[in-house]
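Colleague: The structure follows.
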Amino acid sequence: MTMTPMPQAMLDGGVANWIRPDCGPPCFDSSRRAWRVSRYQDVVAVLRSPDLLVFDWLANIRRLAAAGEYDADTIFRVTRGWSLFQNAPKHSALRRWLVQALQVIGPGLAPERVRRVVSELMTPVPAGETIDAVSRLCDRVPEALFAEALGVPTSTISIFTAATIELSSLWRNSNSPATLRRIGQLLAAMEAEASGLMAMAHRHADAPLAAVLARTGDSPDLDEADIANGLSFLFVSGIETTASALASSIALCLVDARARACFADLAKPPRGAMEEVLRRVGAIHTLQLRSTVRPIVSAGWSIPAGATVFLEIEQANHDPSAYPDPFRFDPHAARPSPLHFGMGAHACVGAVTARSIIASCLTTLFTEWRLTLAGDALSWEDHPTMRRLQHLPLRAERVHGDSEARTLGQPRGTG
Ligand code: HEM
């Protein structure tokens, strides 16, 4: 994992400098041995194609296991629930269950809960101290909220988050046996936590988690193992993404006054503000790889059958042919739906949840605190799919309704 330091001039220049516009027609990238798709219309055409499958990311492991180089049982067993998300047959049953699960826990993620969690995480900051908003706030908000909404210990969710972050930094399409052994350990730890959660839900029939699991009644073809692994996939897919998007959204609001105004000056952000923030700084820059089962042909290009494809949704979200003046934050412009939550069969099931959590966080932060960037560099992880800030150094002053400001951590009225 490498850090890319960003000089002050880049911060002053705002988010336009975070993303280098580089949209062009689909082309074969020989270094990645895959087709790169980056223009908005092309990404949409590929995602809408019926001739597309999610890339079989276990293929390489299967090959190693078959050659006797690695005992991959744990990986296959634990990722069974995750593999279901890849393609048929159980994909739609798990999706249905997850959508209903999120509806059950929705009230536990309501704006007033988010506001309280943000306040609790922010409030003990001593006066004048610079905080790293990534580790102190953004990484902790989604896990605290999900733990509370499901009635499970935050420490349990943290185990999933830590394992996910390590997994996503380790996982490449061809891993060495040594890396696979570490991946196996992480997955085994997640499996143990997921079965602990299932046991807890069976013991406490009135807990929110039990209500979530009960919704599987609508998807009878899912067995207990599918659900345990699906539950861990919910944390894997929802927590790191929300944490990363939250950090980038705060950073965007700090450098872009128009974005900030949406959350600082209004009790309720304008319609479209959250979508526009995520268009600019969603958590995922490139979707997981896809494979073509038949050629995909569109205006002026074609991708052959059997090809591997990577879809650069962050580039597509800044494609000037879809978003004229793409680096201008404009929540009111009539524009095509951005792609930060994907599109088609695998579109994000947590989009409503994530939007609501992040919007409530931003409103809480920018109405209750005066935030400034501290330090002169932001660092981003060098990651094949995610846009994730490593650090977000901030100073924060509490702002009261009468515009009296006090330094965070001081008792009310002493600032
Ligand atoms: C801002 C935060 C989030 C972003 C930017 C995001 C983005 C995405 C994207 C781009 C995909 C499609 C992946 C692909 O097609 O390869 C996806 C899928 C998914 N997301 Fe999210 N997500 C976020 C939050 C969440 C949350 C909070 C949850 C649930 C708690 C969640 C659950 C899922 C699931 C289960 C899938 C797989 C859907 C499928 O394969 O059918 N996501 N997400």
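Colleague: Taking the options 209, 234, 186, name whichever one is at pLDDT 80 or above and over 30 Å from residue 391 (Cβ atoms).
Modeller: Answer to the check: 209.
Colleague: Also: Which residue, of 205, 178, 201, 192, is surrounded by 13 or more Cβ atoms within 10 Å (Cβ to Cβ) and among the aliphatic types (A, V, I, L, M)?
Modeller: So the residue among 205, 178, 201, 192 that is surrounded by 13 or more Cβ atoms within 10 Å (Cβ to Cβ) and among the aliphatic types (A, V, I, L, M) is 201.
Colleague: Assess whether residue 246 counts as being buried (at least 22 other Cβ atoms within 10 Å of the Cβ), within 11 Å of the ligand (Cβ to nearest atom) and within 11 Å of the chain's Cα centre (by Cα).
Modeller: So residue 246 fits the description; yes.
Colleague: Considering only region 249-272, state which residues are surrounded by 24 or more Cβ atoms within 10 Å (Cβ to Cβ) and touching a Pro at 6+ places or on another chain (Cβ under 6 Å).
Modeller: Matches in region 249-272: 262, 263.
Colleague: Just to be sure I understand the filter: pairs with C-beta atoms under 9 Å, separated by 6 or more residues or on different chains, first member in region 51-77 and touching a residue at least 40 places away in the same chain (Cβ under 8 Å), second member part of a helix (DSSP H, G or I) and among the aromatic types (Phe, Trp, Tyr). Which pairs pass?
Modeller: If the second residue must be part of a helix (DSSP H, G or I) and among the aromatic types (Phe, Trp, Tyr), the pairs left are 61/76.
Colleague: Between a residue in region 1-30 that is within 21 Å of residue 330 (Cα to Cα) and polar (S, T, N, Q) and any residue that is modelled with pLDDT under 85 and assigned to a loop (DSSP other than H, G, I, E, B), which pairs come within a Cβ distance under 8 Å, given they are 6 or more apart or on different chains?
Modeller: 17/6
Colleague: Given 212, 236, which one is under 12 Å from the mean Cα position of the chain (by Cα), within 12 Å of the ligand (Cβ to nearest atom) and either assigned to a helix (DSSP H, G or I) or crowded, with 23+ Cβ neighbours inside 10 Å (or both)?
Modeller: The conditions single out 236.
Colleague: One residue is enough: does region 151-169 have a residue meeting the conditions more than 16 Å from the ligand (Cβ to nearest atom), touching a residue at least 12 places away in the same chain (Cβ under 8 Å), out of contact with any helix residue (DSSP H, G or I) (no Cβ under 7 Å at 6 or more places or on another chain) and not charged (D, E, K, R)?
Modeller: Yes: one or more hits.
Colleague: Also, I was wondering about something else. Considering region 31-55 alone, what residues qualify as being away from the ligand (no atom under 13 Å from the Cβ), over 15 Å from residue 307 (Cα atoms) and surrounded by fewer than 20 Cβ atoms within 10 Å (Cβ to Cβ)?
Modeller: 41, 45
Colleague: Residue by residue through region 88-125, note down the ones that are over 22 Å from residue 355 (Cα atoms) and not in a helix (DSSP H, G or I).
Modeller: Hits for region 88-125 are 88, 89, 90, 123, 124, 125.
Colleague: Another one. Going through region 334-378 one residue at a time, which ones are hydrophobic (A, V, I, L, M, F, W, C), within 7 Å of the ligand (Cβ to nearest atom) and part of a loop (DSSP other than H, G, I, E, B)?
Modeller: If the condition is that a residue be hydrophobic (A, V, I, L, M, F, W, C), within 7 Å of the ligand (Cβ to nearest atom) and part of a loop (DSSP other than H, G, I, E, B), then 341, 347, 348, 349 are the ones that fit.
Colleague: List the residue pairs whose Cβ atoms are under 7 Å apart, where the first residue sits in region 278-297 and is touching a residue at least 12 places away in the same chain (Cβ under 8 Å), the second is more than 6 Å from the ligand (Cβ to nearest atom) and of a type in the set (Phe, Trp, Tyr), and the two are 6 or more positions apart or on different chains.
Modeller: Close Cβ pairs satisfying both conditions: 280/329; 286/310; 288/55; 289/55; 289/310; 290/55; 291/55.
Colleague: List the strands (runs of 3 or more DSSP E) inside region 256-328, counting only whole elements, that have at least 1 residues being within 16 Å of the ligand (Cβ to nearest atom).
Modeller: The strands (runs of 3 or more DSSP E) meeting that bar are 290-292, 296-298, 308-311.
Colleague: Could you tell me whether region 400-415 includes any residue that is at pLDDT 70 or above and within 17 Å of residue 119 (Cα to Cα)?
Modeller: Checking region 400-415: not a single residue is at pLDDT 70 or above and within 17 Å of residue 119 (Cα to Cα).
The values are calculated or read from the model by the stated rules, or taken from the named source; none is laboratory data. These numbers come from a predicted model, not from an experiment. Virtual Cβ from ideal backbone geometry, glycine too; neighbours counted across all protein chains shown.
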